[in-house]
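Heads up: the structure comes next, in structure tokens.
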Amino acid sequence: MRRSDGGLQVGVGPGATVVQGSDERTAAVVVGVLYPDPAAADGPARCPVVGHGPVATRLALTLAPSGPTDGRARLTVHVHQHVVPPDVGLAAARDGLLHLPVVVQSRRVVVGPLTGRPDDPCLHCLDRHRVDRDPGWPELSTWLGHPAQQVDPVPVPADVLAATEGVVLLLVRSALAGQLVTPGLSYEIGTRAPHVVVRTWRRHPACDWHPPPDRDVPGATSRAG
């Protein structure tokens, strides 16, 4: 929209931008850089999906490559039941690729955080934060992460499944397109109210899978929406 002061306003609310002192062609270029058209991406978002159960099946139908691929995938979605098994976090930290965990629990599905970039907390960081709050976490995660627990899928309501698919698709498309994906964010989706919570995880100061940070940082904070 062209404003009365001559600026071109794009969007309303947080994230809206006003381009001043530009002709229509220049303004259109600026807008295209700030707000890339998702439809202009080269084909649909595709990446491997690993896991069992209805969530993994639904995501694989949408995301899995339809034909042979060359080389290793840049990003892989991992679907787990109850927790991320401890050995998965170690493998993900060592391969230098992007990983998006999706954890299916009895009352919610947790998507993220995306791991594998320099500023991202790794899955070991998340476990260290959990141990800080619950010293019994290693025993619990080892038991729930056992293969016998992972192959027994947790049931997921259809509406939660659909919402989970949407969040995963948005994250995968943005990550593969090189767009900004804020480090450390996880998204919890449940049925109550509905339950939608975004948590911010940070690199743990004692995690030996990263260079030591300059200062201590807290664990996770949350904001409900």
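The values are calculated or read from the model by the stated rules, or taken from the named source; none is laboratory data. Values in this document were obtained by computation on a predicted structure and should not be read as measured data. Here the Cβ is made from the backbone with ideal geometry for all residues, glycine too, and neighbour counts use every protein chain on show.
Brief remarks on what is shown
- From Val167, Val151, residue being of a type outside the set (D, E, K, R) and over 16 Å from Gly184 (Cα atoms): Val151
- Evaluation of Thr164 against (1) of a type outside the set (A, V, I, L, M, F, W, C); (2) surrounded by 17 or more Cβ atoms within 10 Å (Cβ to Cβ); (3) touching a Ser or Thr at 6+ places or on another chain (Cβ under 6 Å) (one fails), failing number: (3)
- Among the residues of the range 197-225, those identified as within 21 Å of Val167 (Cβ to Cβ) and either modelled with pLDDT under 85 or loosely packed, with under 15 Cβ neighbours inside 10 Å (or both) are Ala220, Thr221, Ser222, Arg223, Ala224, Gly225.
- Looking only at the range 118-138, and only at residues there that are within 18 Å of Leu185 (Cβ to Cβ), assigned to a loop (DSSP other than H, G, I, E, B) and out of contact with any strand residue (DSSP E or B) (no Cβ under 7 Å at 6 or more places or on another chain), the one that is modelled with the highest pLDDT: Asp120
- Residues that are charged (D, E, K, R), at pLDDT below 85 and not in a strand (DSSP E or B) are absent from the range 169-191 altogether.
- Selected residue (criterion: nearest to Val102 (Cα to Cα)) from residues of the range 132-161 that are loosely packed, with under 11 Cβ neighbours inside 10 Å and within 22 Å of the chain's Cα centre (by Cα): Pro155
- Residue in the range 156-165 that is within 23 Å of Asp134 (Cα to Cα) and modelled with pLDDT of 90 or more present: no
- Tally of residues being modelled with pLDDT of 90 or more and assigned to a loop (DSSP other than H, G, I, E, B) across the range 51-70: 2
- Set side by side, the residues Ala73, Ala45, Ala92 differ, and just one is in a loop (DSSP other than H, G, I, E, B), crowded, with 19+ Cβ neighbours inside 10 Å and at pLDDT below 90, which is Ala45.
- In the range 128-150 there is no residue matching the filter, namely being of a type in the set (Asp, Glu) and closer than 20 Å to Val109 by Cβ.
- Those residues of the range 96-117 which are assigned to a strand (DSSP E or B) and under 30 Å from Ala193 (Cα atoms), in sequence order: His99, Leu100, Pro101, Val102, Val103, Val104, Arg108, Val109, Val110, Val111, Thr115
- Taking first residues from the range 106-128 that are surrounded by 23 or more Cβ atoms within 10 Å (Cβ to Cβ) and partners that are among the acidic types (Asp, Glu) and in a loop (DSSP other than H, G, I, E, B), the Cβ contacts under 7 Å between residues at least 6 apart in sequence or on separate chains come to Pro113/Asp120; Leu114/Asp120.
- Any hit, the range 111-130, residues being in contact with a helix residue (DSSP H, G or I) (Cβ under 8 Å, 6 or more places away or on another chain) and at positive phi: yes
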